[in-house]
Amino acid sequence: MVKSIQVAKRDGSKEPLDLEKLHKVIIHACDGVNGVSPSQVELNSHISFADGITSAEIQETMIKAAADLISEETPNYQLVAGRLITYHLRKQVYGQFEPPHLLQTVKKNIANSMYDKELLEWYTEEEINQMDQWLDHDRDDNYTYAAMEQFRGKYLVQDRYTKTIYETPQVALMLIGATLFHRYETDRLKWVKDFYDSVSRFEISLPTPIMAGVRTSVRQFSSCVLIESGDSLDSINATAGAIVKYVSKRAGIGIGAGAIRAIGSSINGGHATHTGAIPFYKHFQSAVRSCSQGGVRGGAATLYYPIWHLEVEDLLVLKNGKGTDDNRIRHLDYGVQFNKVFYERLLEGKEITLFSPSEVPELTECFYTDVDKFRELYEAAERKTSIRKKRVSAIDLFSSFMQERKDTGRIYLMNVDHANDHGAFVKEDAPIKMSNLCCEINLPTKPLENIEDKEGEISLCTLAAINWGVIKTPQDFIRPAELLVRALDELLGYQDYPVFAALNSTMKRRPLGIGIINFAYWMAKNDMTYSEPNLELIDEWTEAWSYGLIKASADLAADIGPCPGSNETKYGHGILPIDTYKKDVDELVPHNPKQDWDGLREQLKDTGIRNSTLMALMPSETSSQISNATNGIEPPRALVSIKQSKDGVLKQVVPSIFKLKNKYELLWDQKSPTGYLDICAVLQKYVDQGISVNTSYNPQFFEDEKIPMSVLLGDMIRFYKYGGKQLYYFNTYDGATDEVEEPAHPYAEGTGQQPIDDEECDSCVL
């Protein structure tokens, strides 16, 4: 009987289980929540109670009992489970349900070295008292089960060894705001309050490095790191050294390796021949895997190279399971770079000529900056008999690329001409030669000759996002855009830089990457699907979002000055994304601007820009859970998704499931990615960096359940036509169901849905 169960106390003694106390906790968790039954949670909990159970185990049992009840029919158990976690967490952190005064928490956590001691140097006790009055701990009740699990697993300050947690969500969010705006002299507390309110009400979303690190002594918050390698041994080794430093800081890595010469190339005037790119790619893989992220798993990186590299046929298959170990490098992802010349060859049924970059150095530079010059030099090199080369059918090479992309899911595409022509930078001064781990960042880089190189350039990007699901009108983007731009800009001067080349680049360019979350919910609210999107409405909202971000940075430049590299940006010359986008997009939606772009253009000519980049649409798997939002711009895979992470398995429900259940178009219900790609084309029109664009196919919609190569290549060409910059994951539905049994995935039964892996990198992905 339940009444006979004895609860084990810390001192070794036992006491009878207090059922009335548990009842009150569950009643409180269910208070005001529709469609839930306290008795059902109690019943499910009691089944798992056993003699000798601890208080902590009782709490976790109740949480699991509520989480098990989350379904399409009873989604609100996610709030009950979240509130039960909140109760348990507060008892763990504070020894009571009611949080103590903020000042008490700050002093305690400074004393135990969990918080930055400078908090009490920046702010007076009176100011912290004011922050305490603004704290609304009841907002914790709005967090779902998935959100609270992410908080206690990743975001809250804790001792990772003992698993002791030292704060609760609202305290963390207030102190993040206080840290970010501590240098403000005018209206400082107002900025802190507004930022706190915006984050805690889900208007804006922050990435893992900021959520977990800001307010502590940790000072590395940039999510994405781009490191370009030269062709020399010194540069390659410097690249590997920089990779190690930043993987240890939990950053996601992009590696530009396109300059490394091909096998058989001359070394030292012919005294030796080169071993080729593959051994050095292995060297980079070792660097990436050398340090773990949070002690859990190795780092993650995407390596970029051009389609015309002499070894490309061997490079394309490095990710798959074929061949020998010498010709496999499976722990890197790969980004293959194209420009217009190669699409022309494909459409004309011609051949593509492959070269070693070292033997055609002029091609390597103009590949990124000048398509016409590249075509001229490329054709000239094809005619030269003195240059080593290999010719392959364009259709065969494109098909090989697409086959490997389909088979592995992680061979990515980068259209370097679009990245440069429709980017933030003057390409002649600051060319884009690579992207990041997740294919949304476009920033200039320069190879390092050594780890202390003062002339090299490692690019960092600091991420955040605006939640479209809670924005009421396009005009409402102004304040969250202003808050994010100012907060992230402050962060750039606050954080540390383990490599000078990163400090040099960041201070010169001050790049930001602000994206979108909850797009699928916003679409459902506005009665549209991915297959039949309202492109006019998407265009209007994206324009307002983009305008708000650029205006915020221009206003900040007017207040405190532009970034030193403003003259190397198009913004600094009054050139805007709407001036450089691929005009083919007008076929999809007429260009009908509604914002005051002319006024902003003149302002930029006068003030310059504070941040050389402002927009990037990144994956947002984790932050979407915090905000109870759909992931970035992606369609949901299910109304109730199984989210598999290193912290366990979580259930996440799409927002407003009762009202909008029939409005959501799920990923695998789409017969084609065309609608999604068209949406991305419209979004890209206003984005100065890139978008993590995924392509997804359900074979059930094709004859014999085989996706024709013609379809895949056709979508690739369409993506290029409308200005697409990068393609990220290739997803194929295999019809599998989630059959994982306990204890690995305790909440996975009965969903008929594949578990969704957590992000590769906790920091690169928002």
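Does any residue of the range 24-33 turn out to be over 30 Å from residue 661 (Cα atoms), surrounded by fewer than 18 Cβ atoms within 10 Å (Cβ to Cβ) and out of contact with any helix residue (DSSP H, G or I) (no Cβ under 8 Å at 6 or more places or on another chain)? Can you show your working first?
First, pick out the residues of the range 24-33 that are over 30 Å from residue 661 (Cα atoms): 24-25.
When the remaining residues are screened for being surrounded by fewer than 18 Cβ atoms within 10 Å (Cβ to Cβ), the result is 24.
Those left that are additionally out of contact with any helix residue (DSSP H, G or I) (no Cβ under 8 Å at 6 or more places or on another chain): 24.
The answer is yes; a qualifying residue exists.
Look through the range 323-368, keep the residues that are within 30 Å of the chain's Cα centre (by Cα) and basic (Lys, Arg), and return whichever of them is nearest to residue 261 (Cα to Cα).
328
When the residues of the range 398-434 are narrowed to those that are hydrophobic (A, V, I, L, M, F, W, C), within 20 Å of residue 617 (Cβ to Cβ) and more than 20 Å from the chain's Cα centre (by Cα), which ends up surrounded by the most Cβ atoms within 10 Å (Cβ to Cβ)?
Filtering first and then ranking leaves 416.
I need the helices (runs of 4 or more DSSP H) fully contained in the range 1-116, keeping only those with at least 1 residues that are of a type in the set (S, T, N, Q).
On the way: elements: 19-30, 38-48, 55-68, 77-94, 102-111.
Those helices (runs of 4 or more DSSP H) span 38-48, 55-68, 77-94, 102-111.
Could you grab me the full set of residues in the range 679-695 that are touching a residue at least 60 places away in the same chain (Cβ under 8 Å) and hydroxyl-bearing (Ser, Thr, Tyr)?
686, 692
In the list 314, 234, which residue meets the criterion of being among the acidic types (Asp, Glu) and closer than 16 Å to residue 411 by Cα? Don't jump to the end; show me each part of the working.
Working: 234 fails: closer than 16 Å to residue 411 by Cα.
Answer to the check: 314.
Of all helices (runs of 4 or more DSSP H) completely enclosed by the range 498-581, which ones contain at least 3 residues that are under 23 Å from the mean Cα position of the chain (by Cα) and within 25 Å of residue 425 (Cβ to Cβ)? Can you show your working first?
Numbers: elements: 500-509, 519-525, 535-560, 577-580.
Those helices (runs of 4 or more DSSP H) span 500-509, 535-560.
Please name all residue pairs, on different chains or six or more residues apart, with Cβ atoms under 6 Å, provided the first residue is in the range 572-584 and is surrounded by 16 or more Cβ atoms within 10 Å (Cβ to Cβ) and the second residue is among the charged types (D, E, K, R).
Short answer, once both residue conditions are applied: 574/601; 574/605; 577/688; 581/685.
Given the criteria out of contact with any Gly (no Cβ under 8 Å at 6 or more places or on another chain), modelled with pLDDT of 95 or more, within 23 Å of residue 517 (Cβ to Cβ) and not aromatic (Phe, Trp, Tyr), does residue 639 qualify?
Working: out of contact with any Gly (no Cβ under 8 Å at 6 or more places or on another chain): yes; modelled with pLDDT of 95 or more: yes; within 23 Å of residue 517 (Cβ to Cβ): yes; not aromatic (Phe, Trp, Tyr): yes.
Here the answer is yes, as residue 639 does meet what is asked.
Mind checking which pairs have a first residue in the range 648-675 that is within 30 Å of residue 713 (Cβ to Cβ) and among the charged types (D, E, K, R) and a second that is crowded, with 22+ Cβ neighbours inside 10 Å and at pLDDT 95 or above, Cβ under 7 Å, 6 or more apart or different chains?
Listed pairs, sorted by first residue: 665/530; 665/635.
Would you confirm whether or not the range 348-363 contains a residue that is modelled with pLDDT of 95 or more, assigned to a helix (DSSP H, G or I), surrounded by 14 or more Cβ atoms within 10 Å (Cβ to Cβ) and touching a Pro at 6+ places or on another chain (Cβ under 9 Å)?
Yes; the residues of the range 348-363 include at least one that is modelled with pLDDT of 95 or more, assigned to a helix (DSSP H, G or I), surrounded by 14 or more Cβ atoms within 10 Å (Cβ to Cβ) and touching a Pro at 6+ places or on another chain (Cβ under 9 Å).
Residue by residue, here is whether (1) within 22 Å of the chain's Cα centre (by Cα); (2) at pLDDT below 95 holds:
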{"residue": "447", "(1), (2)": "no, no"}
{"residue": "471", "(1), (2)": "yes, no"}
{"residue": "475", "(1), (2)": "no, no"}
{"residue": "480", "(1), (2)": "yes, no"}
{"residue": "488", "(1), (2)": "yes, no"}
{"residue": "492", "(1), (2)": "yes, no"}
{"residue": "496", "(1), (2)": "yes, yes"}
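Working only within the range 509-526, note down all residues that are within 28 Å of residue 638 (Cβ to Cβ) and of a type in the set (Lys, Arg).
Selection gives 525 alone.
On the given criteria, is residue 464 crowded, with 24+ Cβ neighbours inside 10 Å, in contact (Cβ under 8 Å) with a residue 60 or more places away in the chain and part of a helix (DSSP H, G or I)? Working first, answer last.
Working: crowded, with 24+ Cβ neighbours inside 10 Å: yes; in contact (Cβ under 8 Å) with a residue 60 or more places away in the chain: yes; part of a helix (DSSP H, G or I): no.
No; evaluated as a whole, the condition is false for this residue.
Find the residue count for the range 672-730, including only residues that are at pLDDT below 95 and of a type in the set (A, V, I, L, M).
Matching residues across the range 672-730 total 0.
This table checks each residue for (1) in contact (Cβ under 8 Å) with a residue 60 or more places away in the chain; (2) more than 28 Å from residue 430 (Cα to Cα).
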site	(1), (2)
252	yes, no
272	no, yes
279	no, yes
289	no, yes
304	yes, no
321	no, yes
335	yes, no
361	no, no
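Determine whether the range 165-183 contains at least one residue that is in contact (Cβ under 8 Å) with a residue 24 or more places away in the chain, part of a loop (DSSP other than H, G, I, E, B), under 21 Å from residue 111 (Cβ atoms) and of a type in the set (Ser, Thr, Tyr). Walk me through how you get there before you give the answer.
Residues of the range 165-183 in contact (Cβ under 8 Å) with a residue 24 or more places away in the chain: 165-183.
If we keep only those that are part of a loop (DSSP other than H, G, I, E, B) too, we end up with 166-168, 181-183.
Narrowing further to those that are under 21 Å from residue 111 (Cβ atoms): 166-168, 182.
If we keep only those that are of a type in the set (Ser, Thr, Tyr) as well, we get 166, 168.
Yes, the range 165-183 has at least one match.
Buried (at least 24 other Cβ atoms within 10 Å of the Cβ) and either under 22 Å from the mean Cα position of the chain (by Cα) or of a type outside the set (Val, Ile, Thr) (or both): is that true of residue 632 in this structure? Walk me through it before giving the result.
Details: buried (at least 24 other Cβ atoms within 10 Å of the Cβ): yes; either under 22 Å from the mean Cα position of the chain (by Cα) or of a type outside the set (Val, Ile, Thr) (or both): yes.
Judged against the criteria, residue 632 is a match.
Answer yes if at least one residue in the range 366-376 is surrounded by fewer than 24 Cβ atoms within 10 Å (Cβ to Cβ), in contact (Cβ under 8 Å) with a residue 60 or more places away in the chain and not in a helix (DSSP H, G or I), and no otherwise.
Keep residues of the range 366-376 that are surrounded by fewer than 24 Cβ atoms within 10 Å (Cβ to Cβ), which gives 366, 368-376.
Of the ones still in play, those that are also in contact (Cβ under 8 Å) with a residue 60 or more places away in the chain are 368-369.
Cutting the leftovers down to not in a helix (DSSP H, G or I) gives us none.
No, there is no match, as no residue in the range 366-376 is surrounded by fewer than 24 Cβ atoms within 10 Å (Cβ to Cβ), in contact (Cβ under 8 Å) with a residue 60 or more places away in the chain and not in a helix (DSSP H, G or I).
Within the set of pairs 6 or more residues apart or between chains, which connect a residue that is free of Cβ contacts under 8 Å to residues at least 24 places away in the same chain inside the range 33-54 to a residue that is part of a helix (DSSP H, G or I) and of a type in the set (S, T, N, Q) with Cβ atoms less than 8 Å apart?
Every condition considered, the pairs that remain are 45/61; 48/61.
Considering only residues that are over 23 Å from residue 632 (Cα atoms) and aliphatic (A, V, I, L, M), look in the range 173-213 and name the one that is surrounded by the fewest Cβ atoms within 10 Å (Cβ to Cβ).
189
Which one is surrounded by the fewest Cβ atoms within 10 Å (Cβ to Cβ) among residues in the range 640-672 that are farther than 21 Å from residue 252 by Cβ and touching a helix residue (DSSP H, G or I) at 6+ places or on another chain (Cβ under 6 Å)? Let's see the steps before the verdict.
First pass over the range 640-672, keeping only residues farther than 21 Å from residue 252 by Cβ: 640-642, 648-672.
Going one step further and asking which of them are touching a helix residue (DSSP H, G or I) at 6+ places or on another chain (Cβ under 6 Å), we end up with 650, 652-653, 655, 660, 663-664, 671.
Values: 650: 28, 652: 27, 653: 24, 655: 24, 660: 17, 663: 17, 664: 22, 671: 13.
Filtering first and then ranking leaves 671.
Conditions (1) at pLDDT 95 or above; (2) closer than 24 Å to residue 532 by Cα; (3) crowded, with 16+ Cβ neighbours inside 10 Å, marked per residue:
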site: 590; (1), (2), (3): yes, yes, no
site: 593; (1), (2), (3): yes, yes, no
site: 596; (1), (2), (3): yes, no, no
site: 599; (1), (2), (3): yes, no, no
site: 612; (1), (2), (3): yes, no, yes
site: 617; (1), (2), (3): yes, yes, yes
site: 620; (1), (2), (3): no, yes, yes
site: 623; (1), (2), (3): no, no, yes
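Going by what's in this entry, would residue 392 be described as of a type in the set (A, V, I, L, M, F, W, C), touching a strand residue (DSSP E or B) at 6+ places or on another chain (Cβ under 9 Å) and surrounded by fewer than 18 Cβ atoms within 10 Å (Cβ to Cβ)? Outline the logic, then answer.
Values: of a type in the set (A, V, I, L, M, F, W, C): yes; touching a strand residue (DSSP E or B) at 6+ places or on another chain (Cβ under 9 Å): yes; surrounded by fewer than 18 Cβ atoms within 10 Å (Cβ to Cβ): yes.
When the stated conditions are applied, residue 392 passes them.
Considering only residues that are modelled with pLDDT of 85 or more and either buried (at least 24 other Cβ atoms within 10 Å of the Cβ) or hydrophobic (A, V, I, L, M, F, W, C) (or both), which ones fall in the range 262-298?
262, 263, 277, 278, 280, 284, 287, 288
How many residues does the range 673-714 hold that are of a type in the set (Ser, Thr, Tyr), out of contact with any strand residue (DSSP E or B) (no Cβ under 6 Å at 6 or more places or on another chain) and crowded, with 17+ Cβ neighbours inside 10 Å? Full working, then the answer.
Just the residues of the range 673-714 that are of a type in the set (Ser, Thr, Tyr), to begin with: 674, 676, 686, 692, 695-697, 710.
With out of contact with any strand residue (DSSP E or B) (no Cβ under 6 Å at 6 or more places or on another chain) added as a condition, the list becomes 674, 676, 686, 710.
When the remaining residues are screened for being crowded, with 17+ Cβ neighbours inside 10 Å, the result is 676, 686.
Within the range 673-714, residues that are of a type in the set (Ser, Thr, Tyr), out of contact with any strand residue (DSSP E or B) (no Cβ under 6 Å at 6 or more places or on another chain) and crowded, with 17+ Cβ neighbours inside 10 Å number 2.
Buried (at least 21 other Cβ atoms within 10 Å of the Cβ) and modelled with pLDDT under 95, is that true of residue 169? I'd like the intermediate steps shown before the answer.
Numbers: buried (at least 21 other Cβ atoms within 10 Å of the Cβ): yes; modelled with pLDDT under 95: no.
No.
The values are calculated or read from the model by the stated rules, or taken from the named source; none is laboratory data. Model, not experiment: these values are computed from the prediction. Quick reminder, even Gly has a Cβ in these numbers, built from the backbone with ideal geometry, and neighbours come from all protein chains shown.
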